[in-house]
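Every number here is computed from the coordinates shown, using simple stated rules; none is lab data. Note that the coordinates shown come from a computational prediction; the quantities given were computed from them, not determined experimentally. Note that we place each Cβ from the backbone using ideal geometry, even for glycine, and neighbour counts take in every protein chain shown.
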């Protein structure tokens, strides 16, 4: 197990994400942040707070559950029962630029599912992808607009994000 981001590096990566988004946000532009459950939810809350400070206004933050949009939901090789949780978006996404936030971008499958789920909720002006960690290995033509850290890992390795709100520690590890 290698720690590739410690808590200080995660804070720096979140600052980098927020600064990039704030720089690209025109005055008066209607934006919102939506995190993909579960680690993306925590990261989106932290990012939304930073954006609010940088932009001098409240930035709405929501949470998106993509369980029913996953393409592996009915995998015949799996006996696992999916755990469906709530989507909590307490604002209208129509006409807004939505910053979709996830912890790790790898194959692009979760992002595709998240975009499908968002589109079912309304018609945003645009969807931009912000991830804490971007790793290689895409299966779909999806790329991050904003990434806190780009990492190169071997095919058999996994990147795991741990956040203090869920795991008791802030770190990103490769196993």
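What percentages make up the Cα-Cα pair-distance distribution of the stretch 133-175 when the bins are 10 Å wide from 0?
23, 49, 26, 2
Given the options 47, 150, 132, state which has the largest fluctuation in a GNM of the chain using a 10 Å cut-off (strictly under) for Cα springs.
Between 47, 150, 132, it is 150 that shows the largest mean-square fluctuation.
Can you tell which of 164, 34, 101 shows the greatest fluctuation in a Gaussian network model of the chain with Cα springs below 10 Å?
Comparing 164, 34, 101 in a Gaussian network model of the chain, the most mobile one is 164.
Express in nm, to one decimal, how much length is gained between residue 173 and residue 1 on full extension, taking 0.36 nm for each residue of separation and deducting their alpha carbon distance. Don't skip to the end; give the middle numbers.
On the way: separation 172, 0.36 × 172 = 61.92 nm, distance 0.64 nm.
My answer for the length gained is 61.3 nm.
What translational D, rounded to a whole number of µm²/s, comes out for the stretch 98-175 from Stokes-Einstein when the hydrodynamic radius is the Kirkwood one over Cα pairs, at 25 °C and 0.890 mPa s? Walk me through the intermediate numbers first.
Values: Rh = 13.4 Å.
It diffuses with D of about 182 µm²/s by this estimate.
Test of understanding: in a Gaussian network model of the chain with alpha carbons linked when under 10 Å, which of 110, 44, 154 would top the mean-square fluctuation ranking?
It is 154.
In nm, to one decimal, how far is the modelled label at residue 26 from the one at residue 91, with both set 7 Å along Cα→Cβ?
Taking the simple label geometry, residue 26 and residue 91 are separated by 1.9 nm.
Just the number, please: percent antiparallel of the DSSP beta bridges in the chain, rounded to the nearest 5.
In the chain, approximately 25 percent of DSSP beta bridges are antiparallel ones.
Between residue 54 and residue 119, what length comes free when the chain is fully extended (0.36 nm per residue of separation minus the Cα-Cα distance, one decimal in nm)?
Fully extending the segment from residue 54 to residue 119 adds 20.6 nm.
Run the Debye formula on the Cα coordinates of the stretch 1-139, all scatterers equal and no solvent, and tell me log10 I(q)/I(0) at q = 0.10, 0.15, 0.21 1/Å.
The Debye formula, applied to the Cα set alone, gives -0.34, -0.75, -1.34.
What's the center-to-center distance, using Cα atoms, between the stretch 32-69 and the stretch 115-149 in Å?
Taking the Cα centre of each part, the stretch 32-69 and the stretch 115-149 sit 13 Å apart.
Go ahead and estimate [θ] at 222 nm for the chain from helices alone: -39,500 (n - 2.57) per DSSP H run with n ≥ 4, summed, over the residue count, rounded to 500.
That calculation yields -9500 deg cm²/dmol at 222 nm.
Between residue 67 and residue 8, what length comes free when the chain is fully extended (0.36 nm per residue of separation minus the Cα-Cα distance, one decimal in nm)?
The span from residue 67 to residue 8 would gain 18.1 nm if fully extended.
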